[in-house]
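Down below is the structure, laid out as structure tokens.
Bear in mind that the values in this text are calculations on the coordinates, not laboratory data. Note that the structure is a prediction, hence the values are computed from the model and not measured. Virtual Cβ from ideal backbone geometry, glycine too; neighbours counted across all protein chains shown.
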Amino acid sequence: MHRVDTNIQRLRRAPASALWPWRARFGLSAALAAALALAPWSITPARAQGPLDGEFQIDSAYVLLDHDVLELNARVHFPDNVRIRNALQDAVTLSFDVEIIISRPRRLWFNATLLDTTLRRELTYHAVTGRYLVRNEADVDQQQSYATLEEALDNLGHIDDLPILVQSQLGPGPWQVALRAGVRRGRMPGALRALMFWSGDWNRSSGWYTWMLTL
């Protein structure tokens with residue numbers, strides 16, 4: 001008890017900057033940040049109610065071989081909430097990424113990475129037409145238009161027959177495939193930059209979705 005009391009006194013005298021990592025990351029009050037800093041166990045915080053809050057996960061994924069080309073198919077559930085809708089209507093661009101890693105497991109050593117690539121797409125709102133636009137960052141000249149945000153997010157969450165690798169590049173199997181999706185804030189009007197900086201964490205990733213691939 002004496003040690004805990006001493007630690008509490010030390011934290012009470014500590015400057016606010018000493019508690020900043022707790023407060024900045026989780027939006028906690030100074031008292032609660034101090035309590036967490038004193039805890040002798042590891043705490044897994046609940047999901048923050050931030051601007052990208054909502055259900056976010058990879059529901060399914062698999063790879064097919066078509067004429068010696070590996071094609072990725074996946075279903076991703078991206079978050080949808082009022083703050084995302086408002087940000088888009090305020091001319092903020094949101095980027096939607098899907099990271100793809102294929103590796104060959106090795107005993108007593110790190111996996112050998114055969115592919116590490118990211119599918120990058122962006123979502124914007126066109127104020128004149130009132131439609132949501134999806135662009136592939138690798139081909140910005142082509143875009144798809146949707147009447148609602150739900151339709152746009154559904155399109156972003158459907159990856160069908162995406163060529164990712166030629167079979168001859170794989171070598172001997174089996175192989176591990178890992179997928180992770182992400183959402184982050186992209187471009188924004190200059191007038192909003194300062195406000196958005198203080199409005200929460202506009203960068204979120206799903207967990208890894210992994211499986212063993214055999215052909």
If we count other beta carbons within 10 Å of each Cβ, what is the order of 101, 84, 164, fewest first? 164, 101, 84
Counting Lys +1, Arg +1, Asp -1, Glu -1, what net charge surrounds residue 60 among other residues with beta carbon under 14 Å of its beta carbon? -1
Sites matching chymotrypsin sites (Phe, Trp or Tyr not before Pro) across region 89-167 that sit in DSSP coil, with at most 16 neighbouring C-beta atoms within 10 Å: 109, 110
